[in-house]
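The values are calculated or read from the model by the stated rules, or taken from the named source; none is laboratory data. From a predicted model like this one, the values you see are computed outputs, not experimental measurements. So basically every Cβ, Gly included, is an ideal-geometry build from the backbone, and we count neighbours across all protein chains shown.
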Amino acid sequence: MLVALDYLFIGLYLLLLIFLGLHQRNTSNESFLLSERSLTTAQTTTSIFSSNIGAGVLITYTALVYLFGLGALWFFIGTVLGYFVFFFFAKKIKKLSDKKKYYTLPDFFFDSKGRSTGYLVSFLVFVSMFGWVLTNFIGGAKIVENYSSLPFTWSVGVMGSIILLYVIIGGFQSVVRTDAIQTLGIALLVVLMVFLVSTYSHTIPYQDFNLFSLPLIQLVNFFLAGILFPFASAELWQRVYAAKSQEVLKKSIVHASVLYLLTGIILLCIGLVIRNTVAGLDPDVALISGLSTLLPVGLSGLAVIVFYSAIMSSADTYLFTANASLIQNLLARWIPMRADTLVIVMRISLSVLMTIVIVGALVVEDVVDATFLFVALMMSLAVVVLAVWIRPSTNSFSLNSSIGMSFFGVIILAFVQGISINLVLTSLGLSIVGLFLGGSNVFLVNKYRQYRVLARYKD
């Protein structure tokens, strides 16, 4: 349990976030959505990094380490490789966004593939980003239940209110500013790792350091999910758009990748200690329960700050991205509005979305299952992005078929067979099948039309 000093540090940390958020006021569309496209290398790096280290990564990854040992590192290895490959595509979309003023990932598809694909991508981005906000709030619930006597509803309400306050006032710039502070919070993981490893490293057996300790199908799932994740990360696209230059973008992706891999190694060490020191834990709460058991009172407050840093840095990003997709790409295309009106509507919708998230966090409980589900849903988005990059002439019908087959297939299988990491490969398979079926259908239709034209000419 936390002591008064722990609560004091946590309270000061939350006040700091509010101060940073209130310090920035944005009214124009360009400023509110992308901070005038002027992010420096430090800002872009910390924002890319901290946005991706949320409850889904902290809790789910540690749960996988608890189950599989070193083999869980394949997700981080895949993600770092994915960032490297994504950079070459990011250079293209950065150039396009500076010229055509893209604000969101779906803007690219609206511009290049038309309204139908743009709307489908917007819907998928909204669902996945909203799901990640929910996942982070569920993770917050797990922390409250294990570390404090504060009622869960109060904790979630306070966290949601603070995020909502600074995002509504400062927009994208507030998200970036708080990301920088939250990166320092995540850096406290090093302190926790040093303590745990120095105290309990003798408990880790040699066989836990086998990188191939997990079943092959799981290894492939983790690795592919990691590689493809950056392509489907709508929040990453916004940071690409907002970077000051391509040079800034290049340095930021390299730096963020290094930080991401180091975080994976740190979490791995913590997870291995918990795996071999505290037996019989529910993997879904292995990180939280393990640290609660192993850390002395003086370090428990640091653990909570780490969790809140990670959760809030991701939750505010995903909330902002989900809201931008909902208003910028869906509502504003149906109901045209002026830039100042758009910002007002976005602020109102942020309040509505946050209310829904808080209520949802009170109902949904399983972080690991939620993470697997939303990663699987994002895979179809990664497939269509890669398809357009590799073959720009890919038609919209093929892309729509890919998204539709994957989305409905994953949802149906999740209800029928339950949620597991295997949904990732299922989603990829259905996306690729949909892509080829859509292309084959267009090919056959075109051939039929050519046949009809020739037949009429002969007549």
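Quick notes
- Checked against the criterion of being assigned to a loop (DSSP other than H, G, I, E, B) and not hydroxyl-bearing (Ser, Thr, Tyr), segment 313-333 has no qualifying residue.
- From the list 420, 393, the lone residue that is hydroxyl-bearing (Ser, Thr, Tyr), closer than 25 Å to residue 286 by Cα and in a loop (DSSP other than H, G, I, E, B) is 420.
- Tallying residues that are more than 12 Å from residue 87 (Cβ to Cβ) and either over 18 Å from the mean Cα position of the chain (by Cα) or of a type in the set (A, V, I, L, M, F, W, C) (or both) within segment 222-246 yields 13.
- Test: residue 351 is at pLDDT below 85, among the hydroxyl-bearing types (Ser, Thr, Tyr) and either touching a helix residue (DSSP H, G or I) at 6+ places or on another chain (Cβ under 6 Å) or within 16 Å of residue 171 (Cα to Cα) (or both): no
- Pairs meeting the criteria (first residue in segment 159-177 and of a type in the set (Lys, Arg), second residue surrounded by fewer than 24 Cβ atoms within 10 Å (Cβ to Cβ), beta carbons under 7 Å, at least 6 apart or on different chains) are 177/20; 177/24.
- Restricting attention to segment 237-259, the residues that are surrounded by fewer than 24 Cβ atoms within 10 Å (Cβ to Cβ), touching a residue at least 12 places away in the same chain (Cβ under 8 Å) and not in a helix (DSSP H, G or I) total 1.
- Residues satisfying the stated conditions in segment 206-235, i.e. in a loop (DSSP other than H, G, I, E, B) and at pLDDT below 85: 210, 211, 212, 213, 214, 215
- Members of segment 334-348 found to be assigned to a helix (DSSP H, G or I), modelled with pLDDT under 85 and not β-branched (Val, Ile, Thr), listed by number: 334, 339, 340, 342
- Residue in segment 275-287 that is touching an Asp or Glu at 6+ places or on another chain (Cβ under 7 Å), at pLDDT below 80 and either in a helix (DSSP H, G or I) or surrounded by fewer than 24 Cβ atoms within 10 Å (Cβ to Cβ) (or both) present: yes
- Residue 444 vs. criteria within 22 Å of residue 116 (Cβ to Cβ), of a type in the set (A, V, I, L, M), out of contact with any Leu (no Cβ under 7 Å at 6 or more places or on another chain) and at pLDDT below 90: yes
- Residues satisfying the stated conditions in segment 57-83, i.e. over 16 Å from residue 221 (Cα atoms) and at pLDDT below 80: 58, 59
- Just so you know, in segment 144-156 the residues that are over 18 Å from residue 317 (Cα atoms) and modelled with pLDDT of 70 or more include one that is surrounded by the most Cβ atoms within 10 Å (Cβ to Cβ), and it is 155.
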